[in-house]
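To start, the structure itself, in structure tokens.
Only the coordinates and a few stated rules stand behind these numbers; no lab work does. For clarity, every value in this text was computed on a predicted model and none was experimentally measured. Here Cβ is always computed from backbone atoms with ideal geometry, including for glycine, and neighbour counts include all displayed protein chains.
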Amino acid sequence: MAVHLSSKGIRIGKGQSAIDAMKQIVPHWIHEKIEDPSYVGGFRYARNCKCSECGYESSFEKKSCPHCGVKMYQID
């Protein structure tokens, strides 16, 4: 299911951050955080990432998902 952004923009609910609203609409790669006290920040990221649209797992980020074909965006 590909989501298209309209010219109207993204609606942000009360008490919701802009990043959380974007993550619900904009296709992106999801990196899982793993708790690890031996790292400085207390966590590390898993090697693989998942497509937010179809759940396809990839070993690295690509410009589009090889499984569903949706164009990916970077959300920081």
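For mean projected area of the Cα convex hull in nm², one of [x] 4.2; [y] 6.4; [z] 5.2 was computed from the structure I shared and the rest are decoys. Which label?
[y]
What relative contact order, as a whole-number percentage, does the chain give when Cα pairs under 8 Å and 6 or more residues apart are counted?
Working: 104 pairs, mean separation 20.9, N = 76.
Over the chain, the number comes to 27 percent.
Which Cys residues of the chain have no other Cys beta carbon under 4.7 Å away?
By the Cβ distance rule, which asks for a partner under 4.7 Å, the isolated cysteines are 49.
Within the chain, how many Lys pairs sit with Cα atoms under 20 Å apart, leaving out pairs fewer than 8 places apart on the same chain?
15
Return the loop-located GluC sites (Glu not before Pro) in segment 4-73 (DSSP other than H, G, I, E, B) with at most 16 other Cβ atoms within 10 Å of their own Cβ; answer none if there are none.
When the GluC sites (Glu not before Pro) of segment 4-73 are filtered for loop state and at most 16 Cβ neighbours within 10 Å, 61 remain.
Less than 14 Å Cβ to Cβ from residue 24, Lys/Arg counted +1 and Asp/Glu -1: what total charge do the surrounding residues give?
0
Testing the spin-label approximation: label points 7 Å from Cα along Cα→Cβ at residue 16 and residue 33. State their distance in nm.
Output for this residue pair reads 2.0 nm.
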